[in-house]
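Worksheet: the structure to be examined is printed underneath.
The values are calculated or read from the model by the stated rules, or taken from the named source; none is laboratory data. Here the structure is a predicted model, which is why all the values come from computation and not from measurement. Methodologically, a virtual Cβ is constructed for each residue, glycine included, from the backbone with ideal geometry; neighbour enumeration extends over all protein chains shown. These accessible areas exclude ligands, DNA and RNA; they are computed on the full protein's heavy atoms, side chains included. Shrake-Rupley method; radii C 1.70, N 1.55, O 1.52, S 1.80 Å.
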Amino acid sequence: MNAPTIPAGTDLLAEIDRLRKERNAVILAHYYQKPEIQDLADFVGDSLDLSKKAADTDADVIAFCGVRFMAETAKILSPEKVVVLPDMDAGCSLEDSCPPDQFAKFRAEHPDHIALTYINCSIGVKALSDIIVTSSSAEKILSQIPADQKIIFGPDKHLGGYLARKTGRDMLLWPGVCIVHEAFSETELLKLKAKHPQAPVAAHPECPAYILDHADYVGSTSGILKFAEEMDGNTLIVATEPHIIHQMNKAKPDVDFIGAPGADGNCNCNICPYMALNTLEKLYVALRDLEPRIEIAEDVRLKAKTSLDRMLAMASGTVGMGDLGPVRVTGD
Ligand code: 13P
Ligand code: SF4
């Protein structure tokens, strides 16, 4: 298929604005998007906040500037809306690590475990899961699950390991990783800390334990941003995808935010290649043509929605697990 053409001289920002109004569209963006996309979005947030916005919006079209599993989540929660993703190839290494057929087999091998699953997974895996979590909601949701309930946690072994260490819960971990957070180097981080001995380190729980061990704060993208906004010092080392620093610079222009380095000593290898696929040009085309569009079979959507609805209910803290009805314990 030929790439859609954009007439020469198109004022992308003006056209995106015009189309957003004409289509009654809302533009949602994750903190890992390029600054120019964050700046024109109607809302920028972490995975949980973006899911809530997608569930609540009264727009007719959601233009999702993030990765595919996030846009799919928007469509699962708002099936009557048109959901477009500027580049359909915007995947995620965690999703790739966990094919639904292998996950189904793993579940079937552990019939007495429930599946608590990170939102960074395919719709097929969501449909096979009992409760979805994001990095900002995982601890709160875990605390509502009875202590004697056995748990499978996938697909991020680092987030699962962090939660297990923090809460003392013994969980069976799926061995997936985020290639972006996996690329941070402990040696280079220690060299950077030696240069900036007063600077705290804020890290995302997708980082390996050898990075989290050096962190003063561990949390989701929105948690890290809040930590940056509230800290007193003048330097912060940020161990997550470096595009989040755009929001930090806006909130605290006098603070020096330094991206934690990879093995080559800089932070460029920690740019998410999937998030980077979205561009202003592709966003314009998505709003103009209402393509590429997320389409989901209704039976899978309904199964995936059950586990996402549990997440939204448990993350809001208004219900306990007992109020949510039986979770699936057979993996069927
Ligand atoms: P959060 O924004 O929920 O912290 O997730 C980070 C992430 O990896 C998105 O892909
Ligand atoms: Fe997936 Fe990692 Fe990119 Fe997030 S940063 S979308 S977890 S590959």
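Some observations on this one:
- Once all protein chains are placed together, LYS252 keeps about 50 Å² accessible to a 1.4 angstrom probe.
- Point-charge dipole on Cβ atoms (K/R +1, D/E -1) for region 22-159, about Cα centre, debye to 20: 280 debye
- Given the chain, longest segment not containing exposed loop GluC sites (Glu not before Pro) (DSSP; at most 13 other Cβ within 10 Å): 81-294
- Of LEU12, LEU173, LEU77, the residue with the greatest mean-square motion in the GNM of the chain, using alpha carbon springs below 10 Å, is LEU12.
- Solvent-accessible surface (1.4 angstrom probe) belonging to ASP42, in square angstrom, nearest 10: 80 Å²
- Dipole of region 168-289 [Lys/Arg +1, Asp/Glu -1 at C-beta], most positive-end residue of ALA203, ILE258, PHE184: ILE258
- From its DSSP helices (H runs of at least four residues, each -39,500 (n - 2.57)), the chain gives a residue-normalised ellipticity at 222 nm of -11000 deg cm²/dmol.
- Charge dipole (Cα centre; +1 on Lys/Arg Cβ, -1 on Asp/Glu Cβ; no other charges) of region 158-316 amounts to roughly 280 debye.
- In this simple spin-label model, placing a label point 7 Å from the Cα along the Cα-to-Cβ direction at both ILE6 and ASP232 gives a separation of 4.6 nm.
- Just the protein heavy atoms count here, and of the accessible area of the chain at 1.4 Å, carbon and sulfur take up 52 percent.
- Using Cβ point charges alone (K and R +1, D and E -1), the dipole size of the chain about the Cα centre works out to roughly 360 debye.
- Share of pairwise Cα separations in the chain, more than 34 Å, in percent: 24 percent
- Across the chain, C-alpha contacts under 8 Å between residues 6 or more apart give a mean separation that, scaled by the residue count, equals a relative contact order of 23 percent.
- A 1.4 Å probe run over the protein chains yields, for the chain, 42 Å² of accessible area per residue, whole-number rounding.
- Two-decimal log10 I(q)/I(0) for region 1-84, as the Debye equation yields it once each C-alpha is a single scatterer, q = 0.16, 0.18, 0.25 Å⁻¹: -0.62, -0.77, -1.25
- Taking amide H as placed 1.01 Å from N in the peptide plane, the amide H of ALA115 sits under 5 Å from that of ASP130, ILE131, ILE152, each at least 5 places away or on another chain.
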